[in-house]
1. What does the charge dipole of region 79-178 about its Cα centre add up to, to the nearest 20 debye, if the Cβ of each Lys and Arg holds +1 and the Cβ of each Asp and Glu holds -1?
2. Please give the length that would be gained between residue 91 and residue 124 if that part of the chain were fully extended, namely 0.36 nm times their separation in residues minus their C-alpha to C-alpha distance (nm, one decimal).
3. What spacing in nm lies between the two simple spin-label points modelled at residue 81 and residue 148, each 7 Å away from Cα in the Cβ direction?
4. Say R0 is 22 Å: what FRET efficiency, to the nearest 0.05, do residue 66 and residue 139 get from their beta-carbon distance?
5. Among 109-118, 76-85, how do they line up from the highest to the lowest mean number of other beta-carbon atoms within 10 Å?
6. Given contacts defined as C-alpha pairs under 8 Å and at least six residues apart, what's the relative contact order of region 97-178, whole-number percent?
7. Which three semi-axes in whole Å describe the equivalent ellipsoid of region 122-178, each the square root of 5 times a Cα gyration tensor eigenvalue, listed largest first?
Amino acid sequence: MRNAVAAVALAVVLVGCSSGTDSGAPGSSSSGTSPTGTSTNAPGSSGTPGSSGTNPTAPVQPPVSISEEKPVVPPNVTPVAKEKVDTTSLSDTYRDEAYVFGDGRDIEVFGVGGGCKEARAEITGQSADVVQITLVTITKQPPGTMCTQEVRQVPLTVRLDAPLGNRRLVLEAREESA
């Protein structure tokens with residue numbers, strides 16, 4: 001009987017993994033990525049964009065995580081030099097760092113979310129010298145509800161048209177209501 005229950009549980013997990021739906025399991029995500037290189041996080045998501053799957057232009061899941069307010073950087077991820085990251089227009093709520101990984105086109109930055117706030121990153125400009133990324137915070141407060149005011153760092157990944165290379169990275173922020 002135990003083996004039958006275990007087999008059914010395994011089958012349910014495998015079906016959930018292959019169905020393309022959000023199972024809530026680690027590595028799954030209810031977020032989406034647009035073909036323009038923006039990365040979004042859906043309500044209730046863990047704050048990480050989904051993995052790239054078979055779409056070669058979609059960002060992959062962020063490799064850097066935050067532990068005790070410090071980033072945990074895997075060996076295959078390179079921090080963008082501080083002098084190449086312009087965060088002068090950001091408040092102290094945002095992290096002043098960025099990371100490059102993969103083939104050099106995937107950039108990880110950190111937005112803010114929590115409570116009724118979601119975060120996404122948009123590539124708002126790319127040139128031979130500068131890449132501009134806007135960190136968007138979306139407030140979604142249904143009428144008659146209360147939202148907690150916690151703020152947490154949300155890792156966000158965008159995919160550039162070409163590797164970042166020696167280009168300067170400019171981070172800006174915008175708030176929206178939904």
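1. Working: 12 positive and 16 negative charges, 25 e Å.
That gives region 79-178 a dipole magnitude of about 120 debye.
2. Roughly 10.0 nm would be gained on extension.
3. Spacing of the two 7 Å Cα→Cβ label points: 4.1 nm.
4. Once the sixth-power term is evaluated, E becomes 0.50.
5. On the way: 109-118: 21.9, 76-85: 13.4.
Highest to lowest by the protection proxy: 109-118, 76-85.
6. 39 percent
7. Working: eigenvalues 195, 24, 15 Å².
Output for region 122-178: semi-axes of 31, 11, 9 Å.
Since every read-out is calculated from the coordinates, none of them should be taken as a lab result. Quick caveat: nothing in here was measured; it's all calculated off a predicted structure. Note that we place each Cβ from the backbone using ideal geometry, even for glycine, and neighbour counts take in every protein chain shown.
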